[in-house]
């Protein structure tokens, strides 16, 4: 028969009902489709109230409360910007399980800003058989229940606890379930919960989270690492730390953002056994983001055939020990690696190995892992692989990887890394504010000058806090064999201009001496620092071409007035004299101060348009001839600060260098610093005119804005 729950003590009296009454939500008995009845023993959505649940605080007064249509708790005080010690319980009513033989709990939640080391301890689902009500949680005996516990990365993705079984020993008596939240002055998370259910019947949640080894895997085998580690398991072999699920990836890092501390440790993410029986070719594929790399040895993919009871006792062979340094937290590198022939026919384990010291460490995020039959394809990077001798012209942008260049540290520590879409060298660590001595080279692949009579090197750079010109050099060698420390290096450039900010790049062009023509050479950017103070050097857009330096240095904007067919640099990727090429007017149409921003909608750069609360400012394209017709302008806009922004597109006719009446479209208000907004404007030209296309940065609010990917077309 159907078994109804009942509340005891005062709760029972408050919600009593007769057989003639409708059962009030949220305590109705639901029926599943197909005619199978399921008893909903307790249901709370927390959309408008805590319902029959009670918030109980045992440390400080940070209660569970309804917010954003859910039950929310946090120990963070937004008014003081402080984290606080807190302990708060969300306690269900006492339920009568006298006629219940099995039951499970489920709920949806978002958890953010928790320390990885305290996630499980500070966010618990508990059950009790002796809770006496009245908020006296400290007098009851509570048993924690394992549930699917995932830290989220946004406020939109809800996770399910899973259908968590209430242990059999609680059946037949009184049962209370609760969520317990804790925080400290070091870090206070925020926990949001909705759709809390206690339902009769067995739950299907696996306490191992799918991480249990379910036997030997066969090909193809894959793990997304979106919500669980799947068949993989984390093993810490020294220090502390572990692989966790975060931002829908398997993540390893020694750095704690709240405390700004790095903790030493080594940990493996170990696959289940994978059979290659009957397989003649196989490869591994995965995507990753690697930031703040200090040594390639700290992030490796291993393979083993003798793993038995632990990562520390297995024999591991590296499959990949060089991973490309990332430039942001959204761009994933894709890696495909052939498994060597000697492993075919065997049963293997794979492991992602991570290591960090207690001074500075990387962060490594991995997703979409798979092992498949066949060979790695061209679509999958083999990081750092030298693709042979280069011929002219040869270029490396250093936007997202070192390309065919390699870092070699010859003394101390430190390395060339990809950061801010450049190849960067610095001995200074911003987190610890400590400078570490070291010398390191960024070495090019072999470059052939066979049949070349003249060649030059070109690159852009920012140099700050220079202590000695010898600490930053461009070198050339014709006898490099296997190491930068044994090659004969000749300086091509020993003096680089000190910069004044982090946005203005100097451009360098240097002729390669005649004695290197016809030879195979290597070039290297050399960096050195002591442990007291050192520079920061950022390099991008490297190239080596035939000809002489200066022959192709035509980067000044044209003064000739062209038509629509001459429109260029709407992506703001090309800059000259600290201004975007072509975005300079001969009239007063363009009156805003402009600067380069690396916060781009696409590519590497956008333009920052300065604002003013006292007057409208305008970004203006150089004067151009427009013939009669209908034109459509599109661009992306974004606020550069939390003050927001407002833009208004238009144009102004120019006659004899004098502006006429401005013709504007609609305002686009409410720009934020989080999202790019597409702006579209259509206008008509009735007679051939010389015009300036403009974008007004409105004086309300008058803050800086960003513009990118501007285009114009004619119907």
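Among (1) within 24 Å of residue 540 (Cβ to Cβ); (2) modelled with pLDDT under 90; (3) out of contact with any helix residue (DSSP H, G or I) (no Cβ under 9 Å at 6 or more places or on another chain), which single condition is residue 495 missing?
So residue 495 meets the others, but not (3).
Say whether the condition of being closer than 23 Å to residue 571 by Cα and more than 33 Å from the chain's Cα centre (by Cα) is met by at least one residue in region 656-664. Let's see the steps before the verdict.
Here is the first cut: in region 656-664, the ones closer than 23 Å to residue 571 by Cα are 664.
Narrowing the set further to residues that are more than 33 Å from the chain's Cα centre (by Cα) leaves 664.
Yes.
Test residue 696 against the criterion of being surrounded by 19 or more Cβ atoms within 10 Å (Cβ to Cβ) and touching a helix residue (DSSP H, G or I) at 6+ places or on another chain (Cβ under 9 Å), and give yes or no.
The answer is no for residue 696.
Just the residues that are free of Cβ contacts under 8 Å to residues at least 40 places away in the same chain and closer than 28 Å to residue 687 by Cα, please, taken from region 637-661. Walk me through how you get there before you give the answer.
Our first condition is that a residue be free of Cβ contacts under 8 Å to residues at least 40 places away in the same chain; within region 637-661, this holds for 642, 653, 655-656, 660-661.
Scanning region 637-661 gives 653, 655, 656, 660, 661.
Of all residues in region 467-485, which are surrounded by fewer than 18 Cβ atoms within 10 Å (Cβ to Cβ) and modelled with pLDDT of 90 or more?
Step one: list which residues in region 467-485 are surrounded by fewer than 18 Cβ atoms within 10 Å (Cβ to Cβ), which gives 467-470, 478-479, 481-483, 485.
Selection gives 478, 479.
Listed here are the residues, each with its yes/no results for (1) out of contact with any helix residue (DSSP H, G or I) (no Cβ under 6 Å at 6 or more places or on another chain); (2) in contact (Cβ under 8 Å) with a residue 40 or more places away in the chain; (3) assigned to a loop (DSSP other than H, G, I, E, B).
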residue	(1), (2), (3)
592	yes, yes, yes
600	yes, yes, yes
608	yes, yes, no
612	yes, yes, yes
675	yes, no, yes
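Counting only residues that are within 30 Å of residue 452 (Cβ to Cβ) and at pLDDT 80 or above, how many does region 543-572 have?
The initial filter retains those residues of region 543-572 that are within 30 Å of residue 452 (Cβ to Cβ), namely 543-556.
Remaining after also requiring at pLDDT 80 or above: 543-549.
Adding up the residues that qualify gives 7.
For region 369-389, how many residues are in a strand (DSSP E or B) and either at pLDDT 90 or above or surrounded by fewer than 17 Cβ atoms within 10 Å (Cβ to Cβ) (or both)? Don't jump to the end; show me each part of the working.
So the first thing to find is which residues in region 369-389 are in a strand (DSSP E or B), and the list is 369-373, 381.
Filter again for either at pLDDT 90 or above or surrounded by fewer than 17 Cβ atoms within 10 Å (Cβ to Cβ) (or both), leaving 369-373.
Final tally of qualifying residues: 5.
Checking the structure you have, find out if any residue of region 100-122 is touching a helix residue (DSSP H, G or I) at 6+ places or on another chain (Cβ under 8 Å), free of Cβ contacts under 8 Å to residues at least 60 places away in the same chain and buried (at least 19 other Cβ atoms within 10 Å of the Cβ).
No, that holds for no residue.
Which one of these is at pLDDT below 90, in the same structural domain as residue 318 (by TED's automatic domain parsing) and assigned to a loop (DSSP other than H, G, I, E, B): 414, 361? Steps first, answer last, please.
Values: 414 fails: in the same structural domain as residue 318 (by TED's automatic domain parsing).
It is 361.
Which count do you get for residues in region 625-642 that are in a loop (DSSP other than H, G, I, E, B) and either under 34 Å from the mean Cα position of the chain (by Cα) or over 15 Å from residue 690 (Cβ atoms) (or both)? Explain how you work it out, then say what you get.
Taking region 625-642 first, the residues in a loop (DSSP other than H, G, I, E, B) are 627-628, 640-642.
Those left that are additionally either under 34 Å from the mean Cα position of the chain (by Cα) or over 15 Å from residue 690 (Cβ atoms) (or both): 640-642.
Of the residues in region 625-642, 3 are in a loop (DSSP other than H, G, I, E, B) and either under 34 Å from the mean Cα position of the chain (by Cα) or over 15 Å from residue 690 (Cβ atoms) (or both).
Identify all residues within region 565-596 that are closer than 10 Å to residue 609 by Cβ, under 33 Å from the mean Cα position of the chain (by Cα) and crowded, with 16+ Cβ neighbours inside 10 Å; write none if there are none. Write out each step before concluding.
Within region 565-596, the first condition is being closer than 10 Å to residue 609 by Cβ, and the residues that meet it are 583, 590, 592-595.
With under 33 Å from the mean Cα position of the chain (by Cα) added as a condition, the list becomes 583, 592-595.
The answer is 583, 592, 594, 595.
Kindly list the number of the only condition in (1) assigned by TED's automatic domain parsing to the domain that holds residue 366; (2) in contact with a helix residue (DSSP H, G or I) (Cβ under 7 Å, 6 or more places away or on another chain); (3) modelled with pLDDT under 90 that fails for residue 240.
Of the numbered conditions (1) assigned by TED's automatic domain parsing to the domain that holds residue 366; (2) in contact with a helix residue (DSSP H, G or I) (Cβ under 7 Å, 6 or more places away or on another chain); (3) modelled with pLDDT under 90, the odd one out for residue 240 is (2).
Do we find a residue being assigned to a strand (DSSP E or B), touching a helix residue (DSSP H, G or I) at 6+ places or on another chain (Cβ under 9 Å) and within 26 Å of residue 82 (Cα to Cα) anywhere in region 127-142? Spell out how you get there, then give the answer.
So in region 127-142, the residues assigned to a strand (DSSP E or B) come out as 127-128.
Those still in the list that are touching a helix residue (DSSP H, G or I) at 6+ places or on another chain (Cβ under 9 Å) too: 127-128.
If we keep only those that are within 26 Å of residue 82 (Cα to Cα) too, we end up with none.
No, region 127-142 contains no residue that is assigned to a strand (DSSP E or B), touching a helix residue (DSSP H, G or I) at 6+ places or on another chain (Cβ under 9 Å) and within 26 Å of residue 82 (Cα to Cα).
Let's see how each residue does on (1) at pLDDT below 90; (2) within 28 Å of the chain's Cα centre (by Cα); (3) surrounded by 15 or more Cβ atoms within 10 Å (Cβ to Cβ):
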| residue | (1), (2), (3) |
| --- | --- |
| 455 | no, no, yes |
| 458 | no, no, yes |
| 463 | no, yes, yes |
| 499 | yes, no, yes |
| 502 | yes, yes, no |
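Among the numbered conditions (1) farther than 30 Å from residue 50 by Cα; (2) surrounded by fewer than 18 Cβ atoms within 10 Å (Cβ to Cβ); (3) modelled with pLDDT under 90, tell me where residue 204 comes up short.
Unmet for residue 204, out of (1) farther than 30 Å from residue 50 by Cα; (2) surrounded by fewer than 18 Cβ atoms within 10 Å (Cβ to Cβ); (3) modelled with pLDDT under 90: (1).
From the residues in region 597-612 that are surrounded by fewer than 18 Cβ atoms within 10 Å (Cβ to Cβ) and at pLDDT 90 or above, which one is nearest to residue 636 (Cα to Cα)? Working first, answer last.
Start the filter on region 597-612 by keeping residues that are surrounded by fewer than 18 Cβ atoms within 10 Å (Cβ to Cβ), which leaves 598-599, 602-603, 610, 612.
Subsequent filtering for residues that are at pLDDT 90 or above retains 598-599, 602, 610, 612.
Details: 598: 15, 599: 12, 602: 10, 610: 16, 612: 20 Å.
The qualifying residue nearest to residue 636 (Cα to Cα) is 602.
Scanning for something without any contact (Cβ under 8 Å) to a residue 12 or more places away in the chain and outside any loop (DSSP other than H, G, I, E, B), does region 312-319 turn up at least one residue?
Just the residues of region 312-319 that are without any contact (Cβ under 8 Å) to a residue 12 or more places away in the chain, to begin with: 313, 315.
So of that shortlist, the ones also outside any loop (DSSP other than H, G, I, E, B) come out as 313.
Checked region 312-319: at least one residue is without any contact (Cβ under 8 Å) to a residue 12 or more places away in the chain and outside any loop (DSSP other than H, G, I, E, B).
Considering each residue of region 417-445, count those that are outside any strand (DSSP E or B), under 26 Å from the mean Cα position of the chain (by Cα) and crowded, with 23+ Cβ neighbours inside 10 Å, and give that number.
Result for region 417-445: 1.
The values are calculated or read from the model by the stated rules, or taken from the named source; none is laboratory data. Keep in mind that this is a model prediction, so the values were computed, not measured. Heads up, the Cβs are rebuilt from the backbone with ideal geometry, glycines too, and the neighbour counts pull from every protein chain shown.
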